[in-house]
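Here is the structure we will look at.
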Amino acid sequence: MVNLLALCAFNSDYAQAIDNDSLEQWPAFFSENCHYRITNAENEREGLPAGIVYADSRAMLEDRVAALRDANIYERQRYRHLIGIPKIESCDASGAVARTPFMVARIMATGETMLFATGEYRDRFVVAKNGRLLLAERVVVCDSAVTDTLMALPL
Amino acid sequence: MNEHAVRWKGPGLTRVPLDVYTDDAIARQEQDRIFRGATWNYLCLQAELPEAGSYRTTFVGETPVVVVKDGDGRIHAFENRCAHRGALIALEKSGKVDGNFQCVYHAWSYNLRGDLTGVAFQKGVKGKGGMPPDFRKEDHGPRKLRTAVLRGLVFGSFSGDAPPIEDYLGEEICARIERVLHKPVQVIGRFTQALPNNWKLYVENVKDSYHASLLHLFFTKFEINRLSQQGGVIVDASGGNHVSFSIIDPAAADASYQDQGLRSGTGHYRLKDPTLLAGFKEYDDGITLQILSVFPGFVLQQIQNCLAVRQVLPKGGQRAELNWTYIGYADDTPEQRTARLKQSNLVGPAGFISMEDGAVGGFVQRGIAGAQGFESILEMGGGDASSSDGRATETSVRGFWKAWRTHMDI
């Protein structure tokens, strides 16, 4: 069943994967030919297509996780996602389109905790053959155009 | 030499007193002597001012500025400060006005040149109040900037002493700007990074070709950039402007990393989706990376097909802001545009090869918190600030300090 509760449960699992440092699980929330992009409200308003993360395949998300683990240098940090209730725009047995607000706090190894990002997930869900919900598209629209220091972990 | 708290121990460029990143008096003087001094500061792209009345608000150093195009296609820039009480004249990041700007506070208005043209109730209301009869609007107004447009880049200067933009940049830098901006561009995205460090630490990082393959492992692992590639560094006569470039040579043997046991040399991995880096040849010279900077805080970047301009702005002495504007050419095919969008994963706040640059400045800022009177070392590649064939050099960082000391008179 694709319904509000299913989307909420999906988002809860999604947040857990990132916040509990199980990044390797994160790409599995997406379909193989997904689109994932992190941008901001100003770019969306002006129709500017670029993202600070821009992926058009699940493999690209796996590459990002590999780079975060093995290549990129950043201070140890964690996120805490608070994901709101999806506003469902359409929903049937094959999938759903929804907008969901989020807030993400970033906790540095030094203990410094800050409100790192707020915004909205603009999502298109599909139901896979095995019945599992997957994201065919997640556009992460941050409310602010400003990113503090760097964005290593995904939103 | 003058009243500065910061002491430079000699005329050379190989030692930099760490106090330049922490001293409040230095930060204040930089506003006057560098940003509002005899320099050209990047304001915006010409493509961002499409019509008469199109404007953007930005900063020169910490001074807020309005940039606007008039009906004749000329670009004007003036301080974003109402002559009356000092409020911002324009509040939005960009927009379009119909012939004049009006301050929201008391409705004083300005034409597109920044001239004060209207004072609300100047003659009072019903004969009462109003400005004195000897008040002359032409005696008041925000400070105006000279503007210069070079290959679609709009620069501004508060000073009459800045030489013409072509002379300020020098022939070689102009040619390298033209190499990338040889046809009309379009903005494809804008992002800002709040940097936890003094603005100069980011500018030095841009000019530092030595760190690229050591800090940025993604670069190295995918053999996009190694110091053993062909390439070089160009520093202009002032020292303040530079180009670092490289040409990939896949056949080049590269033992220097392994020999020294450097972290960057260990292991390789392959992308599961190599279309991330799939590009197309668009420059005949084979240059796959060109990083160009203009003193004090402008960067033009070509990394493969990923093009962007960056603007570095101080926000107080120990914070800075980095504005990224990603661009493509106006005549891009959809496939070319997609390639740029995918390659843009390399840059920006989450960029595979640039995210570290957002953090290292902060590592320095935190590291030097108790180091008053100490210095950093800039001796890689010798002591001068001239152009160099290799990139294992800090020559263009020394060039930055050459220009900085000239402007600051330190």
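The values are calculated or read from the model by the stated rules, or taken from the named source; none is laboratory data. Because the structure is a prediction, the values reported are computed rather than measured. Note that we place each Cβ from the backbone using ideal geometry, even for glycine, and neighbour counts take in every protein chain shown. Side chains are part of the model used for accessible areas, which takes the heavy atoms of the whole protein and leaves out ligands, DNA and RNA. Shrake-Rupley method; radii C 1.70, N 1.55, O 1.52, S 1.80 Å.
You will find that of B:VAL185, B:VAL119, the residue that is away from chain A (no Cβ under 14 Å) and β-branched (Val, Ile, Thr) is B:VAL119 and no other.
In the stretch A:95-124, the residue that is nearest to A:LEU7 (Cα to Cα) out of those that are polar (S, T, N, Q), modelled with pLDDT of 95 or more and surrounded by fewer than 16 Cβ atoms within 10 Å (Cβ to Cβ) is A:THR118. Looking only at the stretch A:26-55, how many residues end up being without any contact (Cβ under 8 Å) to a residue 40 or more places away in the chain, at the interface with chain B (Cβ under 7 Å from one of its Cβ atoms) and open to solvent by 10 Å² or more (accessible area, probe 1.4 Å)? Qualifying residue count for the region: 3.
B:GLU166 meets the conditions (1) more than 14 Å from chain A (Cβ to nearest Cβ); (2) touching a residue at least 60 places away in the same chain (Cβ under 8 Å); (3) in contact with a Leu (Cβ under 8 Å, 6 or more places away or on another chain) in every case but one. The failed one is (2).
Just give me the residues in the stretch A:58-87 being open to solvent by 40 Å² or more (accessible area, probe 1.4 Å) and either touching a Lys or Arg at 6+ places or on another chain (Cβ under 9 Å) or facing chain B (nearest Cβ under 9 Å) (or both), in sequence order. Of everything in the stretch A:58-87, those that are open to solvent by 40 Å² or more (accessible area, probe 1.4 Å) and either touching a Lys or Arg at 6+ places or on another chain (Cβ under 9 Å) or facing chain B (nearest Cβ under 9 Å) (or both) turn out to be A:ARG58, A:GLU62, A:ASP70, A:ILE73, A:TYR74, A:GLU75, A:ARG78, A:ARG80, A:LYS87.
Elements of the type helices (runs of 4 or more DSSP H) sitting completely within the stretch B:312-410 and holding at least 2 residues that are surrounded by fewer than 24 Cβ atoms within 10 Å (Cβ to Cβ) and in contact with a Lys or Arg (Cβ under 9 Å, 6 or more places away or on another chain): these cover B:395-408.
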